[in-house]
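Participant: Once you've had a glance at the structure underneath, I'll fire off some questions.
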Amino acid sequence: MSSSISNVFIAFQDNEEARPVVEAILADNPDASAAHTPGLVKIDAPGRLTIRRATIEEQTGRAYDLQQIHVNLVTLSGHIDEDDDQLTLSWRH
Amino acid sequence: MNIDLQAREIQPLRQTFARVAAYTGDKPASRYLEATLGAQPAANFHYRPTWEPGFELFDTGRTAVRMADWYALRDPRQYYYATWTMARARQQDAMESNYQFVESRGLVGKMSDALRARACAVLMPLRHVAWGGNMNNCNVCARGYGTAFTAPAMFHAMDHLGVAQYLTRLGLVMDEPGVLEAGRNDWLQAPRWQVLRRYVEDTLVLQDPFELFVAQNLALDGLLYPLVYGQFVDEHLALQGGTAVAMLTAFMPEWHDESARWIDAVVKVAAAESPENLALISGWYAAYAQAAQAALAPVADLALGEQGAGALQAVREALDARARKAGLAV
């Protein structure tokens, strides 16, 4: 890759439960791009990617516990900074 | 022999149903949208209903509110049957454990007799108010138009029935079964309940489903629930050692806050559609909020004594603020 920033990525099973999460990530991270492969959605973003609970709740209209993403989470790369309201992947220490 | 396994992606020809794609475009839609959009029967009604031959079976003309698209009245909670039942089942589990907590520790017995009698005097007649709410929301569902509007109204009707059942169960835990009969007698005969009874019974015969929606869900419930479950149960009773009652009615304020989002969203979208709708709905709100406040004044007095009038005024101001936020001219 020519850029000096490495990508972080996160991948989910491509299903009904993961869809609002994917849509929330794409809404919150303008630089992120989603690739659909059979059964899987992989989202790449340069340097940094944030999942926000509030955005997922807007998508679903219901309260959401961020730990629910683990049901459909397949893989990820990047250092994790996580609390009740958000999960951020980045390469910063 | 080598077997070469390859993953091949098969693109579906359609991402969603044609009736949904007509609203959202051909992209994957949520289950809520698939259960809602385009589900309203709209054509090929061979016979007019014998009980109301002036209208088709499903007819937009039963209400004075005009919408170009009745599917615009979406539910922000995105309830369809599955999500609604799952949400209520979770709340039912929480209520069961509340009951278990209260019963295993004998919390009801630790309340004074006078406090228990007052809680029953206020809450038992409200079973009949909740039943009226059930009937009225069934009526909104039956006479309204557009699945987006009518399906949540039916859920709301069943929720009202649930509230009535929780109140019944509360009465049976607090006292002998005769307490239900006493509540019914108060509802039918005690002068202080007759204004509210008149309001409930007058709304039972309203013909316009949107007017009924405003009268029941926005005006009456918008005042009743904050007054009774907010001011009386959670503040007044709890301070005097009646926390058990607050635990056994925990569903009601939680449900009211949740369903208020739906009610506000419906009112907001319908009022923003046209100046005529805005004038109509604002007029209904003003009239019914005034009537509901008058109907609840004796109840506030029974529940909170001399603080009742102030508490009722406070919830009225909060409801006016809610209505203004939904875009009504208040």
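The values are calculated or read from the model by the stated rules, or taken from the named source; none is laboratory data. Given the structure is predicted, the values throughout are model-derived calculations rather than measurements. Don't worry about glycine lacking a Cβ; one is built from the backbone with ideal geometry, like all the others, and counts go over all protein chains shown. Each accessible area value is taken on the protein alone, full model and side chains, heavy atoms only, with ligands, DNA and RNA left out. Shrake-Rupley method; radii C 1.70, N 1.55, O 1.52, S 1.80 Å.
Participant: Could you tell me which of rounded, prolate or oblate describes chain B, using a ≥ b ≥ c as the square roots of the eigenvalues of the alpha-carbon gyration tensor, with rounded for a/c under 1.5 and, failing that, prolate when a/b is larger than b/c and oblate otherwise?
Facilitator: Oblate is the answer for chain B, as a/c is 1.5 or above yet b/c matches or exceeds a/b.
Participant: Sticking with this structure for a sec: Run the simple label-point estimate for B:GLU52 and B:ALA89 please: 7 Å along Cα→C-beta, distance reported in nm.
Facilitator: Each label point is offset 7 Å from its Cα along the Cβ direction, giving 3.4 nm.
Participant: Using 1/(1 + (r/R0)^6) with R0 = 56 angstrom and r between the beta carbons of B:GLU201 and B:ASP4, what's the FRET efficiency to the nearest 0.05?
Facilitator: So the FRET efficiency works out to roughly 0.15.
Participant: Residue-wise, which Karplus ³J(HN,Hα) couplings in Hz belong to segment B:245-253, taking 6.51 cos²θ - 1.76 cosθ + 1.60, θ = phi - 60°, and x for glycine or proline?
Facilitator: Karplus-based 3J(HN,Hα) across segment B:245-253 equals 5, 4, 5, 7, 10, 4, 4, 5, x Hz.
Participant: Which residue fluctuates most in the GNM of chain B (Cα springs below 10 Å): B:PRO152, B:PRO41, B:PRO298?
Facilitator: In the Gaussian network model the winner is B:PRO41.
Participant: I need to check one value: relative contact order of segment A:7-90, counting alpha carbon pairs closer than 8 Å and at least 6 residues apart, in percent.
Facilitator: It comes to 38 percent, rounded to a whole number.
Participant: While we're looking at this one, here's another question. Which residues belonging to segment B:39-88 lose at least 50 Å² of 1.4 Å-probe accessible area when the assembly is complete, relative to their chain isolated?
Facilitator: So the qualifying set is B:GLN78.
Participant: Could you bin all the Cα-Cα distances of segment B:30-69 into 5 Å bins starting at 0 and give me the percent of pairs in each, rounded to whole numbers?
Facilitator: Values per bin, smallest distances first: 5, 19, 21, 20, 19, 10, 4, 1.
Participant: Still on this structure, I have one more. Looking at the calculated P(r) for segment B:89-228, what percent of the C-alpha pair distances fall above 27 Å?
Facilitator: 28 percent
Participant: Follow-up. In nanometres, what is the gap between the two model label sites at A:ASP83 and B:GLU96, each 7 Å from Cα along Cα-to-Cβ?
Facilitator: 3.6 nm
Participant: OK, next. Where the only charges are on Cβ atoms (+1 Lys, Arg; -1 Asp, Glu), what is the dipole of the protein assembly as shown about its Cα centre, to the nearest 20 debye?
Facilitator: Magnitude of the dipole: close to 460 debye.
Participant: Once R0 is set to 41 Å, what does the formula 1/(1 + (r/R0)^6) return for the Cβ-Cβ distance between B:ALA72 and B:LEU239, expressed as a FRET efficiency to the nearest 0.05?
Facilitator: That gives a FRET efficiency of 0.40.
Participant: Setting aside same-chain residues fewer than 8 positions from B:LYS110, which aspartates and glutamates have a Cα under 16 Å from its Cα?
Facilitator: Answer for B:LYS110, where 16 Å is the Cα cut-off: B:ASP175, listed by chain and number.
Participant: Who wins for biggest fluctuation among A:PRO38, A:PRO46, A:PRO20 in a Gaussian network model of chain A, springs between alpha carbons below 10 Å?
Facilitator: Highest fluctuation among the options: A:PRO38.
Participant: Then there is this: If amide H atoms are built 1.01 Å from N in the plane of the peptide, which residues on other chains or at least 5 residues away come under 5 Å of the amide H of B:MET67?
Facilitator: Amide H neighbours of B:MET67: none.
Participant: Further question: Over segment B:67-169, give the accessible area per residue in Å² for a 1.4 Å probe, as an integer.
Facilitator: Ligands and nucleic acids excluded, the figure is 39 Å² per residue.
Participant: Please list the non-local residues whose amide H lies under 5 Å from the amide H of A:VAL8, H modeled 1.01 Å from N, same-chain partners needing a gap of 5 or more.
Facilitator: Answer set, sorted by chain and number: A:ALA45, A:GLY47, A:ARG48.
Participant: For chain A, what does -39500 (n - 2.57) per DSSP helix run (n ≥ 4), summed and divided by total residues, give at 222 nm, in deg cm²/dmol to the nearest 500?
Facilitator: -5500 deg cm²/dmol
Participant: Enter the buried accessible area of the A/B pair, total of both sides, probe 1.4 Å, in Å² rounded to the nearest 100.
Facilitator: Between A and B, the summed buried area is about 800 Å².
Participant: If you wrap segment B:48-142's Cα atoms in a convex hull and average its projection over all directions, what's the area in nm²?
Facilitator: Mean shadow area of the hull around the Cα atoms is 10.2 nm².
Participant: If you build a Gaussian network model of chain B, linking Cα atoms that sit under 10 Å apart, which residue out of B:HIS256, B:HIS46, B:HIS156 swings the most?
Facilitator: B:HIS46
Participant: Whole-Hz ³J(HN,Hα) for each residue in segment B:166-175, computed from phi via Karplus 6.51 cos²θ - 1.76 cosθ + 1.60 with θ = phi - 60°, x for glycine and proline: what do you get?
Facilitator: 4, 5, 4, 5, 4, x, 5, 6, 7, 7
Participant: Would you work out what percent of the accessible area of chain A, with all protein chains in place, is carbon or sulfur (probe 1.4 Å)?
Facilitator: Exposed carbon and sulfur together represent 49 percent of the surface.
Participant: Oh, and also: Given contacts defined as C-alpha pairs under 8 Å and at least six residues apart, what's the relative contact order of segment B:14-78, whole-number percent?
Facilitator: Computed over segment B:14-78, the figure is 20 percent.
Participant: Another question about this same structure. Take B:MET135 and B:ASP113, extend 7 Å from each Cα along the Cα→Cβ direction, and tell me the distance between the two endpoints in nm.
Facilitator: Using points 7 Å along Cα→Cβ, the separation is 3.6 nm.
Participant: Separate question: Restricting everything to alpha-carbon atoms, can you work out Rg to Rh for the protein assembly as shown with a Kirkwood hydrodynamic radius?
Facilitator: Looking at the protein assembly as shown, the ratio lands at 1.05.
Participant: Once the Cβ-Cβ distance between B:ARG184 and B:ASP257 is put in as r, and R0 is 25 Å, what FRET efficiency do you end up with, to the nearest 0.05?
Facilitator: Step by step, r from the Cβ atoms, then E = 0.30.
Participant: While we're on this one: Pop out the ³J(HN,Hα) list for segment B:68-84 in order, Karplus 6.51 cos²θ - 1.76 cosθ + 1.60 with θ = phi - 60°, rounded to Hz; leave Gly and Pro as x.
Facilitator: 5, 9, 6, 6, 6, 7, 7, 8, x, 6, 6, 7, 10, 3, 5, 5, 5
Participant: Could you work out what % of the accessible surface of segment B:35-160 is carbon and sulfur, using a 1.4 angstrom probe and leaving DNA, RNA and ligands out of the count?
Facilitator: Summing carbon and sulfur atoms, their accessible area is 59 percent of the total for segment B:35-160.
Participant: State log₁₀ I(q)/I(0) for segment A:7-90 at q = 0.11, 0.15, 0.21, 0.27 Å⁻¹ as given by the Debye formula over alpha-carbon point scatterers of equal weight, solvent excluded.
Facilitator: -0.24, -0.45, -0.94, -1.62
Participant: For chain B, what's the relative contact order in percent, using C-alpha pairs closer than 8 Å and at least 6 residues apart?
Facilitator: RCO, chain B: 20 percent.
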